[in-house]
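Note sheet for the following structure.
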Amino acid sequence: MEGVVVMFFMFGISLSHSVTGNAQHYFDVGKFGAVGDGKTDDSPAFLKAWEAVCGARGETATLKIPADKIFLLYPLEFAGPCKSSSIHIQFLGKILAPSADERGKFKSVGCWLCFMRVDGLIVDGPGQIDGNGATWWTKVLISERPTALLFHLCNDLRLSGLTHLNSQNNHISIHSCSGVSISNLHIIAPSDSPNTDGIVIALSTQLLISNTFIGTGDDCIAIKGGTSNINITSVTCGPGHGISIGSLGEDGTNQNVDQVYVTGCTFKGSTNGARIKTTPGGTGYARGVSFQGITLIASGNPIVIDQHYCNGLDHHCQDQKKAVAINGVTFSGFQGTSSVVEAINLDCSKQGCRGITIDNVNISSSVGQDLRAVCNNAHGTSASTVPVVSCLLS
Ligand SMILES: *[C@@H]1O[C@H](CO)[C@@H](O)[C@H](O)[C@H]1NC(C)=O
Ligand SMILES: *[C@@H]1O[C@H](CO)[C@@H](O)[C@H](O)[C@H]1NC(C)=O
C-alpha cells in the first residue's frame, strides 16, 4: 500500500512537470479545438494556437499540426512579431482550402495562409497544403484568387519537406524577407492550371532553394524586382514555365535583380528553361545572373532573354525609350533536348544586352529538327555551343 502511494506520488510529479513543460513551448492545434475532419472550419482553433505559440517566451516555441488529419482553414494571418526568437511549425497533417463557392468568407484576397513579420520561423514537413485550386481556376478571376502561402517580412525562414498542391494562385510567395532556406518541397499542379507559379520571390535577399520538385501551370520559380543573392540548386522543373527572372519593369517601374545563381537544375517538358523577361518602358537592371549545369529533357525555349515581354500583343511589345538593362548573364553547361527549333533566343531591346556568355552548351532536338540560336542586340561571347550562337562570336 505504502509502495503504491509513493509510486503514484512520483508519477504525479513527473506528469505535472511534463505538462507544464509542454504547455510553455509546445502547442498542438488539437488542444485548441481543431477537429481535422476536413469539414469543420478549424481556423478559430489555429488562430488560438498561433496566439499561444507566438506569445510563448523562450528560445523556441513549437506548433504541432498532427498527422493523419485534414484541417479546413479559411484565410488566416499568422502575425508576429513573436516573443521567442524561433517558431517551429511541426507540419505533419494536411491543410485544405475551402472551395471557390465559399470565397465570400475570404476578407482579403491577397493570401490564404499568410505569415507576417515572424522572424526565425521553421516550417517542416512532411505535411501537405492543398489549395483546392480546381474549383477556383475556372470560376474566379486571377485578381480574386489568393496566394496559397505567403511569407511577408519573415527573416531567417526555413521551409522544408512539405507538399504543396493545386494552389488558387501562386503556391508560395516570399515577399520582403532576408535569409531564406527552402528545401525538399514538392509543388504540384496541372500543366494547364492558370497562374499556379511554384515559388515567387520579390523584394528579398539571401535565398537558397534546393532539392525541390516543381511541376505546375506557370513559372516554377519567378524572381521579381528588388531581389539579390538568390541561389537555386538541384531543382527539377516541369511542367511549367521555367525558372524566370521578371518580368521586370512592368508599367514603367524601376526594378532590379542582382546575383542569381541557378545550378544543377533540370527542365523536363517545361515551356521554358532559363528565362529573363523585361517589359519595354521600365528601368533598373538584371545583372550577375548565371545558369550553370542544366539538364534539358524536351524543354521548350531552353535559353531565352525576352526584353519585349508585356501583357498585350501576345506578350510581344515594341521597344520604348527606356529599357531594363541586362548586364552580365552566363548560360553554361546546358545538355539535353529542346522541343522548339529556336533553342536559344536572345531578344534584347534596342539598348542591347551586355556581357552575355554562353558556353559548353549541347542542345539537340527532342523531335529530330535542326535547332538554331537567334539574337537581337545581344553582346558578349560564346564558345563550344551547339547550336552555334553566331551573334556572340567575335
Ligand atoms: C550563393 O552561392 C554563392 C556562391 O557559391 C555563395 O557565396 C553565397 O553565400 C550563396 N548564398 C546563399 C544565400 O546561399
Ligand atoms: C552532344 O550531345 C549528343 C547527345 O547527347 C552527343 O551525341 C554528342 O556527342 C554531344 N556533342 C558534344 C560536342 O558534346
Restricting to the stretch 177-188, name every residue that is assigned to a loop (DSSP other than H, G, I, E, B) and touching a Leu at 6+ places or on another chain (Cβ under 7 Å). Cys177, Leu185
If I go through the stretch 46-83 residue by residue, how many of them are open to solvent by less than 10 Å² (accessible area, probe 1.4 Å) and hydroxyl-bearing (Ser, Thr, Tyr)? 0
Taking the stretch 84-100, which residues are in a strand (DSSP E or B), open to solvent by 30 Å² or more (accessible area, probe 1.4 Å) and within 21 Å of His171 (Cβ to Cβ)? Gln90, Lys94, Leu96
Mind listing whichever residues of the stretch 132-180 are within 16 Å of ligand 1 (Cβ to nearest atom), open to solvent by 40 Å² or more (accessible area, probe 1.4 Å) and among the polar types (S, T, N, Q)? Asn155, Ser178
State which residue pairs qualify: first residue within 16 Å of ligand 2 (Cβ to nearest atom) and inside the stretch 353-374, second residue open to solvent by 70 Å² or more (accessible area, probe 1.4 Å) and of a type in the set (Gly, Ala, Ser) in any location, beta carbons under 9 Å apart, and separation of 6 or more residues or different chains. Asp359/Ser384; Asn360/Ser384; Val361/Ser384; Asn362/Ser384; Ala373/Ser390
Would a scan of the stretch 189-210 turn up a residue that is within 25 Å of Ala325 (Cα to Cα), assigned to a loop (DSSP other than H, G, I, E, B) and within 16 Å of ligand 1 (Cβ to nearest atom)? yes
Restricting to the stretch 267-280, name every residue that is hydroxyl-bearing (Ser, Thr, Tyr) and open to solvent by less than 40 Å² (accessible area, probe 1.4 Å). Ser270, Thr278, Thr279
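Output yes when any residue across the stretch 138-157 is closer than 23 Å to Ile223 by Cβ, assigned to a helix (DSSP H, G or I) and among the small types (Gly, Ala, Ser), and no when none is.
Yes - at least one qualifying residue is present in the stretch 138-157.
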At least 2 residues that are more than 16 Å from ligand 1 (Cβ to nearest atom), open to solvent by less than 20 Å² (accessible area, probe 1.4 Å) and basic (Lys, Arg) in each: list the strands (runs of 3 or more DSSP E) lying fully within the stretch 281-394 that qualify. none
Which residue out of Ser228, Ser210, Ser204, Ser234 is more than 16 Å from ligand 2 (Cβ to nearest atom) and crowded, with 23+ Cβ neighbours inside 10 Å? Ser204
Could you tell me which of the residues Thr337, Thr381 is under 26 Å from Val257 (Cβ atoms) and of a type in the set (Ser, Thr, Tyr)? Thr381
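The values are calculated or read from the model by the stated rules, or taken from the named source; none is laboratory data. Every value quoted in this text rests on a predicted model; they were computed, and no experiment measured them. Positions of Cβ are generated from backbone atoms using ideal geometry, with glycine treated the same way; all protein chains shown enter the neighbour counts. Accessible surface is based on the protein model in full, side chains and every heavy atom, while ligands, DNA and RNA are left aside. Shrake-Rupley method; radii C 1.70, N 1.55, O 1.52, S 1.80 Å.
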